[in-house]
Each structure stands twice: as structure tokens, then as C-alpha cells.
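Each remark here refers to the structure printed beneath this line.
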Amino acid sequence: MLDDLNQQQEQLKTDLVTMERDFNQKKEQFIRIQGAIEALNLVDGPPTDENLPPEPPAPPEELGTPDHTEAAKALGV
């Protein structure tokens, strides 16, 4: 059992390192693309609605607390 847990730990550690590397690569790519967009906007003039990047979704903490009253009623809670 201990060997199995140690194997799982090592696999998860490897997975996390891989995910972190992939995340950092995507983050760098995003920053490069964002810089290119900003540079092109400076060359082309002020941005218009059609060439603006979409607004990112609000993080969960900014969305407020969801109201689960109706769901609780439906479950009989």
C-alpha cells in the first residue's frame, strides 16, 4: 500500500510539473500575442469594437454568492 501511494505521489508530482510548464508556455504565448495586438493597435490607430479582444469572464469571487434558495426548496431542504 505504501509503495502504491508513493507511486501515486510521484506520478502526481510529474503531472504537476508538466502542467506548470504547459501553463507557463501558454502564459508566455498569451503575453506575446497581447503585445502584438497592442503594437498593431498603435500602428492602425485607436481600436474599434470589432478589433478589441473580448472581455474575460469575471473571476468567481466577483460574481457574488449564488442564490440557491430555489434549488434547496426543490430538494425539500
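The values are calculated or read from the model by the stated rules, or taken from the named source; none is laboratory data. Everything quoted here is computed from the prediction, not taken from an experiment. Using ideal geometry, Cβ is built from the backbone for each residue, glycine included, and neighbour counts are taken over all protein chains shown.
Residues that are modelled with pLDDT under 70 and either part of a helix (DSSP H, G or I) or basic (K, R) (or both) within the stretch 29-49 comprise just one, D49. Among the residues of the stretch 1-20, the ones that are surrounded by 10 or more Cβ atoms within 10 Å (Cβ to Cβ) and of a type in the set (D, E, K, R) come to 4 in all. Each residue in the stretch 59-74 was checked for being exposed (fewer than 10 other Cβ atoms within 10 Å of the Cβ) and at pLDDT 80 or above, and 4 of them qualify.
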